[in-house]
Structure formats: structure tokens, C-alpha cells
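Below is one structure, written out as C-alpha cells, with a few remarks after it.
The values are calculated or read from the model by the stated rules, or taken from the named source; none is laboratory data. Given the structure is predicted, the values throughout are model-derived calculations rather than measurements. Cβ placement follows ideal geometry from the backbone for every residue including glycine, while neighbour counts extend to all protein chains displayed. Note: areas computed on protein heavy atoms with side chains; ligands, DNA, RNA excluded. Shrake-Rupley method; radii C 1.70, N 1.55, O 1.52, S 1.80 Å.
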Amino acid sequence: ILSYDSNLNDLGSWYQQLTGESTGKKQRGITPILSPSPRDHHSLFQLYLDGPRDKFFTFFSSQKIKSKNKISNVTIPDNMKFIKNKNIGSIVNAQCNAAKNIFKLKSIPFRSFIFNKNDEKELGMVFTFLVLETILLGYLMNINPFSQPAVEQIKKETKKILSR
């Protein structure tokens, strides 16, 4: 889960939780990892782009990242003049688009959710889609996406320890 808008990180965390608890059963599952981006470009992207081809990616980004802050001439070295007078939002969107271009070039599977308004209606549609997708994935994997037996074990064990 590659989140290119910090305002969407909570959505990414929720989706990570939904996917992990709903599909992680019977020695099967999808391991969701939230990568706040572009922060992870210089850490996990080496693995994502050149590591094992066992991953599928979901990009979350916003059409308009709210940022009035611009990069000034004083704060940038000569070899970075291409970001002169660019606002942070346009730089982050450029990094997101660059990542998608490289994923396409390397034939790495991904999908992209681009938010236009970041309002309740838009988020509700995406929540509904992701929940329905997760339910269908569970059934295709022949698991019950609504149970979480391993988590229940930890709850019971915690209660047992605290009741001593």
C-alpha cells in the first residue's frame, strides 16, 4: 500500500488491518505493508522494484495535495534547481507518477486510487469497494474473512495472564 498523501495514511492502515485479519488464516493470507511515500522511496523501493516478484501494489494518492509551501532558491543546491518554486504537493505527485511509470516499465502489477476531493462520499465508496473485495478474496481463498481465531487466542491468553 503506497500512500502518497499523509492524509490517506489512516486509510492505508485500515486497509492493512482489514486485509491482514481477513485473509490470514489456514496458513494462507496476504501480507499488507503500508509504505508512506515518497518516504519509502529510499528504503523499501529497492526491494519493491528489484526484489522478488511476489507482490501486488495499491497506490493511494490525491489529485490536489494541500500545500502552499514552495521550495525557495536559498534552500536548494544547483543540481536540484528543477524543483525551484514548486510546491510540495506537486513534487509528491511527480514522485508518485514517476513510481507508477517505473512499475509499468518493469511490469510490476499495481492499481491506483486517485482521490479528487478526499470527502466522506469518496472515502465511503473506496471503503465499500475494499470491504467487498476482501470478502470476495476470502471466499476465493476458501477462508472465512469475518473470523479472527488467532487474535481471539491472544485475547484469551491476555485475560488469563491478567487474571492471575
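Open to solvent by 100 Å² or more (accessible area, probe 1.4 Å), assigned to a loop (DSSP other than H, G, I, E, B) and not small (Gly, Ala, Ser): is that true of Asn118 in this structure? Answer is no for this residue. Cβ-Cβ distances below 6 Å connect the following pairs, each with a first residue in the stretch 142-164 that is of a type in the set (Val, Ile, Thr), a second residue that is open to solvent by 90 Å² or more (accessible area, probe 1.4 Å), and a separation of six or more residues or different chains: Ile143/Lys26. Annotation: Ile143 fulfils all but one of (1) open to solvent by less than 50 Å² (accessible area, probe 1.4 Å); (2) closer than 18 Å to Asp5 by Cα; (3) assigned to a loop (DSSP other than H, G, I, E, B); the unmet one is (2).
If you go through the stretch 68-79 one residue at a time, do you hit one that is at pLDDT 85 or above, open to solvent by less than 50 Å² (accessible area, probe 1.4 Å), assigned to a helix (DSSP H, G or I) and farther than 27 Å from Glu21 by Cα?
We begin by selecting, within the stretch 68-79, every residue at pLDDT 85 or above; these are 79.
Filter once more, so that each one left must be open to solvent by less than 50 Å² (accessible area, probe 1.4 Å): none.
Taking every residue of the stretch 68-79 in turn, none turns out to be at pLDDT 85 or above, open to solvent by less than 50 Å² (accessible area, probe 1.4 Å), assigned to a helix (DSSP H, G or I) and farther than 27 Å from Glu21 by Cα.
Comparison of Phe60, Phe129, Phe82, Phe113 shows that the only residue that is open to solvent by 50 Å² or more (accessible area, probe 1.4 Å) and either in contact (Cβ under 8 Å) with a residue 40 or more places away in the chain or under 23 Å from Gly29 (Cα atoms) (or both) is Phe129. Restrict the check to the stretch 140-150 and report whether at least one residue is of a type outside the set (Lys, Arg) and farther than 19 Å from Arg28 by Cβ. Looking for residues that are of a type outside the set (Lys, Arg) and farther than 19 Å from Arg28 by Cβ, one finds none in the stretch 140-150, hence no. Any residue at all in the stretch 29-44 that is open to solvent by less than 20 Å² (accessible area, probe 1.4 Å), in contact (Cβ under 8 Å) with a residue 24 or more places away in the chain, in a helix (DSSP H, G or I) and under 24 Å from Ala94 (Cβ atoms)? Yes.
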